[in-house]
Amino acid sequence: MGSIQAQTYFLERQLSIHQNLAKLQSSGGGGGKTSRDGGGVSSPSPPSPGMMRSRSSKGSNLSSSNLSAVSLHRTSSVNSIEFASRRPLLGGSNRRESDYGASSSLDNNQYPRDAQTIRFQVIVWNIGVLDVVTASVPMTFRVTLFWNDIAEQDANGEYLCYDDACSMTSAGSVNVWKMHSRNKAFLQELKDVPQRVIDVPPLAILNCSTFETIGNAEVDMLRESTRLMRWSCMYRATLIQEDLRVDQFPHDAHDLSLKLGILSHRSKGKQWDRRLWKLALATKDDAQSCTRVPYGLIVDQARLPGFSFNKDRGLDFQFCPLDHGAFDSHAEKSREECLKVSLNVLRESGYYDHNIVPLLALMNIVAVSVLTFKDSEFFYRALITLNIAFVAMGMRMTLDGHLPSVGYEIRIQRLLNEYFVVLMGLVLEAMFVYVLNVDFGVPSRVTKHLDWFTGILAVAHNVLTVWRYYGSKRRARKRLERIDGPMPSIHENYAKVLGAV
């Protein structure tokens with residue numbers, strides 16, 4: 001119902017403009033003292049500096065050709081009417097840089113003098129259980145966008161608007177910005193009558209399979225002087241993780257990532273032309289000291305089941321190029337970028353570190369001690385070793401039900417396999433020395449040397465396996481506790497954006 005009222009309102013506004021245009025053309029121009037700029041836009045004398053000047057459609061010397069040029073900026077009829085009713089003409093100094101490509105009279109090689117930024121802030125509230133089979137993780141997060149809405153200005157640098165858009169409503173009423181679609185917001189009273197329209201950057205979650213919004217998106221104007229806008233929405237999404245592998249289980253570390261971008265209307269001449277609107281991170285001025293890190297963080301109470309992360313390091317922010325998105329082959333060639341927010345996590349491996357691996361190592365040491373039996377006592381040597389092997393096999397079958405179900409071998413499986421192979425090797429060695437001594441008459445002192453050699457190899461393998469296992473744990477923990485990480489890339493990317501601006 002609100003959208004129908006908005007369309008009716010702007011249709012009536014457009015009809016009123018054409019009627020005033022006919023009257024002005026028939027009377028040869030409106031009366032009163034006016035000032036003209038290079039584009040033929042007339043305006044009354046400005047009031048005191050620093051105040052937003054109200055501009056009425058009555059008495060304006062509008063041109064039908066310029067009005068058509070304004071309406072050509074939008075393809076849909078409703079959006080064309082909205083733009084025609086709230087924007088000045090494209091000529092002269094009143095034309096803003098974001099209108100590049102809207103009129104065919106402009107030089108295609110002309111580039112804007114200044115660039116604007118769409119600034120991101122990401123707050124992660126919760127992370128669910130990591131699914132290694134589907135390579136996905138559920139995440140609850142809030143995304144906030146900051147941008148400075150480019151308002152129309154006259155020759156004196158004052159913002160232009162219309163009486164019906166800037167006038168105050170009745171006493172006691174409240175104006176709020178309300179999302180109308182993914183990239184539009186209306187300024188409405190509590191009775192849901194659209195007052196003004198602004199363009200909202202259409203956010204895209206690039207690595208999302210499913211998502212839902214928690215509550216409604218919020219739009220606010222934080223600062224009228226700079227037209228600082230803030231759009232915020234909370235999501236609960238299932239995020240696809242690229243290259244998610246658990247080869248190093250249970251010491252596997254992962255960078256859980258969230259990719260955000262602006263893909264719609266980013267090509268040449270569109271509303272969010274990527275040459276005019278660069279992606280950046282929120283600043284302290286945007287966040288207004290609401291968070292300790294202006295561009296985002298993970299809240300202190302957030303927990304990831306079965307994983308740990310470095311709270312001092314927090315989230316990593318990095319701008320990455322996209323292989324898809326808006327790309328024009330013109331003089332200024334640049335690829336579309338996205339914001340990659342990642343969190344480095346490490347699996348909690350205490351159960352395997354303090355229970356499984358020490359037990360396996362101890363059982364292999366016990367199996368090596370069986371080599372002290374005489375070479376002729378094969379039955380006792382094999383019986384004890386096979387009993388140890390059956391215990392190891394039972395542990396393996398129990399652990400397999402708790403290990404990640406993947407199509408490749410992981411570290412803990414490889415370790416279990418190696419220990420089992422060593423036990424089977426000890427059984428085969430006991431049979432070999434028994435045959436040498438009984439069937440071939442090899443002296444016991446020779447077979448004893450074989451037993452010692454086999455025992456040394458088994459113990460060396462045991463020590464090496466344990467050292468490599470706990471070494472991987474130390475390296476993974478060290479990487480997690482490292483504070484620097486990829487953080488310098490944040491400042492590099494941000495400096496790049498500021499340099500472009």
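Things worth noting here:
- The residues of segment 188-210 that are modelled with pLDDT of 80 or more, in a strand (DSSP E or B) and surrounded by 15 or more Cβ atoms within 10 Å (Cβ to Cβ), listed by number, are ILE198, ASP199, LEU203, ALA204, ILE205, CYS208.
- Cβ-Cβ distances below 7 Å connect the following pairs, each with a first residue in segment 226-246 that is at positive phi, a second residue that is assigned to a loop (DSSP other than H, G, I, E, B), and a separation of six or more residues or different chains: ARG227/ASP149; ARG227/ALA151.
- Subset of segment 252-270 (residues that are assigned to a loop (DSSP other than H, G, I, E, B) and open to solvent by less than 10 Å² (accessible area, probe 1.4 Å)): ASP252, ARG266
- Residue selected from segment 319-343 under the condition open to solvent by less than 30 Å² (accessible area, probe 1.4 Å) and at pLDDT 90 or above, by the criterion farthest from ARG119 (Cα to Cα): LEU343
- Those residues of segment 371-381 which are part of a helix (DSSP H, G or I) and open to solvent by 10 Å² or more (accessible area, probe 1.4 Å), in sequence order: LEU371, THR372, PHE378, PHE379, TYR380
- Pairs where the first residue, in segment 414-432, is free of Cβ contacts under 8 Å to residues at least 40 places away in the same chain and the second is surrounded by fewer than 16 Cβ atoms within 10 Å (Cβ to Cβ) and not in a helix (DSSP H, G or I), C-beta under 9 Å, 6+ apart: ASN417/GLU409
- For segment 406-453, a residue qualifies if it is open to solvent by 50 Å² or more (accessible area, probe 1.4 Å) and under 24 Å from PRO358 (Cα atoms), and the qualifying residues are GLU409, ARG414, ASN417, GLU418, PHE420, VAL421, MET424, TRP452, PHE453.
- Residues in segment 163-187 that are assigned to a loop (DSSP other than H, G, I, E, B) and at pLDDT below 65: SER167, MET168, THR169, SER170, ALA171, GLY172, SER173, VAL174.
- Criterion violated by LEU244 - all others in (1) under 16 Å from the mean Cα position of the chain (by Cα); (2) open to solvent by 10 Å² or more (accessible area, probe 1.4 Å) satisfied: (1)
- Residue in segment 283-292 that is open to solvent by less than 10 Å² (accessible area, probe 1.4 Å), among the β-branched types (Val, Ile, Thr), out of contact with any Cys (no Cβ under 9 Å at 6 or more places or on another chain) and within 30 Å of ARG347 (Cα to Cα) present: no
The values are calculated or read from the model by the stated rules, or taken from the named source; none is laboratory data. Computed from a predicted model, the values in this text were never measured in an experiment. Reconstructed Cβ throughout: ideal geometry from the backbone, glycine too, with neighbour counts over all protein chains shown. When the accessible area is computed, the model is the full protein with side chains, heavy atoms only, and any ligands, DNA or RNA have been set aside. Shrake-Rupley method; radii C 1.70, N 1.55, O 1.52, S 1.80 Å.
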